[in-house]
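In what follows, a structure is listed as structure tokens, so that the remarks can point back to it.
The values are calculated or read from the model by the stated rules, or taken from the named source; none is laboratory data. Computed from a predicted model, the values in this text were never measured in an experiment. We place every Cβ from the backbone using ideal geometry, glycine too, and count neighbours over all the protein chains shown. These area figures cover heavy atoms from the full protein model, side chains too; ligands, DNA and RNA do not enter into them. Shrake-Rupley method; radii C 1.70, N 1.55, O 1.52, S 1.80 Å.
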Amino acid sequence: MPASTSRVRRASAGDAADCLAIYRPYVEDTAVSWELDVPSTGEMAARITAACDTHDWLVLESGDRVVGFAYAHAFNRFPAYQWSAQTGLYIDADHHRSGGGRKLYTQLLARLTERGYRQVFAGIIEPSGSATPVCTAATSGNTTAGMTWRGCSSICLAPPNRISRPGQSSDGG
């Protein structure tokens, strides 16, 4: 599927079954999701609703079918991390290497930036046997990507000199 034939839109609880169909093989057949049990459709719907309330959850459609999703949620419960987020991205196995992940992640990062988030963390798992770099830049403008160690990526949504505390201007005032 060429990425140009797909579209990204905001998810709703009604997308839970489609997202779960994509997610299930990751939980059952890999260690990628960090989960031991596949969540229920109701749990997936609750996750979508919660993410949309505070961060975002996007789906990738090809035709009338959901073929991928990306989301963000709180990185850590401590106040110092209130402008940090953790992300997840899952693509249907039949749609890997089509540009959909880049399309989802680019839009997710833009939306997180609009909401004021300044640091994003993502665990990135390299496909088995792949010679492809673990992290490729899906970013532009003031967004920078930096690999902290193989398998974990930290993306700064604003250069460090532009990060400010809530209620403080970005120039430090």
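I need every pair where a residue in region 54-82 that is in a loop (DSSP other than H, G, I, E, B) has its Cβ under 7 Å from the Cβ of a residue that is of a type in the set (A, V, I, L, M, F, W, C), sequence separation at least 6 or different chains.
HIS55/ALA72; HIS55/ALA85; HIS55/LEU112; PHE75/ALA85; PHE75/PHE121
Filter region 86-108 down to the residues that are within 16 Å of SER33 (Cβ to Cβ) and in a helix (DSSP H, G or I), then identify the one that is most open to solvent (accessible area, probe 1.4 Å).
Only one residue tops the list, namely ALA93.
Just checking, how many residues over region 46-85 are open to solvent by 20 Å² or more (accessible area, probe 1.4 Å) and among the small types (Gly, Ala, Ser)?
Summing the residues that are open to solvent by 20 Å² or more (accessible area, probe 1.4 Å) and among the small types (Gly, Ala, Ser) in region 46-85 gives 6.
Would you point out the residue of region 114-128, among those that are open to solvent by 40 Å² or more (accessible area, probe 1.4 Å) and of a type in the set (Gly, Ala, Ser), that is farthest from the chain's Cα centre (by Cα)?
The extreme case among them is SER128.
So if I check each of ARG150, ARG111, which one is open to solvent by 30 Å² or more (accessible area, probe 1.4 Å) and modelled with pLDDT of 85 or more?
Testing whether each residue is open to solvent by 30 Å² or more (accessible area, probe 1.4 Å) and modelled with pLDDT of 85 or more leaves just ARG111.
Within region 31-53, track down each residue that is of a type outside the set (Val, Ile, Thr), outside any helix (DSSP H, G or I) and closer than 22 Å to GLN119 by Cα.
SER33, TRP34
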